[in-house]
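The values are calculated or read from the model by the stated rules, or taken from the named source; none is laboratory data. Computed from a predicted structure; not experimentally measured. A quick note on method: Cβ atoms are made from the backbone with ideal geometry, for glycine too, and the neighbour counts reach across all protein chains shown.
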Amino acid sequence: MSLIIYAVRNFLGVIIAFVDVITRGPKLKRSKHVQEKVEQDLKGLSLYQFFACPFCIKTRRAMHKMNLPIEKRSVSKGSPFREELLTEGGKIQSPCLRIEKADGVEWLYDSSAIIAYLQTRFVR
C-alpha cells in the first residue's frame, strides 16, 4: 500500500513541478551590478529540497520570482546531501535553507520562513 501512495505522491509532485515551470512569471529585474552583488551574497546559501515536494516547489518559485539563483541540493534517498542535512541540520525535512554566517551555520526550515528571510534580505 505504501508503495502505491509513494508512486501517486511522486506522480502528482512531478505534475505540480511541470505546471510550476510553465506558469512562472518574470524574474525581478536588477541592474547588472546589483545582480552580481546579490549572486555573490548567495554563495553562502544552499536549498536542501526534494524535486516533487509542494513546499519545495513553492520555495523555488519564490526564488525564481526574486531572481535568486541559490544552489539546490537534492535530499532524495542515497544523496550525500540527505546525510548532511540530517547530521548538520538535525532532521530530514525540506525545504531547508543552509545559511553560512561568519559565526557558524544556520538551518532554516519551513517554506514560508525561508521565503520571508529571502524577501527581507534580497528584495528592497
* Structure fact -> Of (1) surrounded by 13 or more Cβ atoms within 10 Å (Cβ to Cβ); (2) modelled with pLDDT under 95, K101 fails just (1)
* Counting only residues that are in contact with a helix residue (DSSP H, G or I) (Cβ under 8 Å, 6 or more places away or on another chain) and surrounded by 15 or more Cβ atoms within 10 Å (Cβ to Cβ), how many does segment 66-91 have? -> 8
* Select, from L85, L12, the only residue that is over 21 Å from R121 (Cα atoms), in contact (Cβ under 8 Å) with a residue 40 or more places away in the chain and part of a helix (DSSP H, G or I). => L12
* **Filter result (part of a helix (DSSP H, G or I) and crowded, with 23+ Cβ neighbours inside 10 Å) within segment 47-59** => C56, T59
* Asked: When the residues of segment 50-89 are filtered to those that are touching a Phe, Trp or Tyr at 6+ places or on another chain (Cβ under 7 Å) and among the small types (G, A, S), which remaining residue is farthest from T23 (Cα to Cα)?
  -> G89
* **Hits in segment 25-46 (condition: among the basic types (K, R), within 17 Å of the chain's Cα centre (by Cα) and loosely packed, with under 14 Cβ neighbours inside 10 Å)** => K43
